[in-house]
Amino acid sequence: MPFAIDHIVLNVRDVAATLRFYADVIGLEPERVEEFEAGSVPFPSLRVNADTLVDLLPPAIWGGGEPGERRTNVDHFCLVMHAAEWPALEARLKEAGVDYELGPITLWGAHGNGTSVYIRDTEGNRVELRYYG
């Protein structure tokens, strides 16, 4: 039976900056932001697709951490997109000053070989961005 990612949880220090990064640079759709800001839900989310969310937990939930601490709460997660959307993503990354940590590189994944780049988000989480050719 095939599986899909239901959600990924990221512990973040600056929820607003992380929301802007994933919405404006990557292109995900924010959810529950107004409810989070009003205090009626404990965290906002970003919609990857109909089946998958990224939840952003603020320090009040995960306990914060020491200033300057280099933490990685997830090794990385992979977002896949259509090859035709890749040039627009690259333009947004460049405009935002986001450098590739690795790539473009051909790597094997769930659908065979794809082209990937690795970046870091505003919280230092490693993100793989991929398309299949």
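The values are calculated or read from the model by the stated rules, or taken from the named source; none is laboratory data. The shown structure was predicted, so the numbers you read here are calculated from the model rather than taken from an experiment. Glycine gets a Cβ as well: all are built from the backbone with ideal geometry, and neighbour counts include every protein chain shown.
Of all residues being over 20 Å from Val117 (Cα atoms), out of contact with any Ser or Thr (no Cβ under 9 Å at 6 or more places or on another chain) and assigned to a strand (DSSP E or B) in the stretch 51-84, which is modelled with the lowest pLDDT? Just the residue, please. Write out each step before concluding.
The initial filter retains those residues of the stretch 51-84 that are over 20 Å from Val117 (Cα atoms), namely 51-53, 55-71.
Now drop any that are not out of contact with any Ser or Thr (no Cβ under 9 Å at 6 or more places or on another chain), which leaves 51-52, 57-71.
Still in the running and assigned to a strand (DSSP E or B): 52, 57.
Values: Thr52: 90, Leu57: 86.
Looking at residues that are over 20 Å from Val117 (Cα atoms), out of contact with any Ser or Thr (no Cβ under 9 Å at 6 or more places or on another chain) and assigned to a strand (DSSP E or B), I get Leu57.
Can Thr122 be described as of a type outside the set (Lys, Arg), within 22 Å of Phe21 (Cα to Cα) and either assigned to a strand (DSSP E or B) or in contact with a Leu (Cβ under 7 Å, 6 or more places away or on another chain) (or both)?
Details: of a type outside the set (Lys, Arg): yes; within 22 Å of Phe21 (Cα to Cα): yes; either assigned to a strand (DSSP E or B) or in contact with a Leu (Cβ under 7 Å, 6 or more places away or on another chain) (or both): no.
Criteria not met by Thr122.
Which of the residues belonging to the stretch 77-121 are closer than 17 Å to Gly133 by Cβ, of a type in the set (D, E, K, R) and free of Cβ contacts under 8 Å to residues at least 24 places away in the same chain? Walk me through how you get there before you give the answer.
Of the stretch 77-121, the ones closer than 17 Å to Gly133 by Cβ are 78-90, 103-117.
Cutting the leftovers down to of a type in the set (D, E, K, R) gives us 85, 90.
Passing the criteria: only Glu90.
Please go through the stretch 14-50 and pick out each residue that is assigned to a strand (DSSP E or B) and of a type in the set (S, T, N, Q). Show your work before the answer.
Keep residues of the stretch 14-50 that are assigned to a strand (DSSP E or B), which gives 29-31, 45-49.
Answer for the stretch 14-50, where residues must be assigned to a strand (DSSP E or B) and of a type in the set (S, T, N, Q): Ser45, Asn49.
Which residues, counting only those in the stretch 5-22, are surrounded by 15 or more Cβ atoms within 10 Å (Cβ to Cβ) and closer than 16 Å to Leu93 by Cβ?
Thr18, Phe21, Tyr22, listed by residue number.
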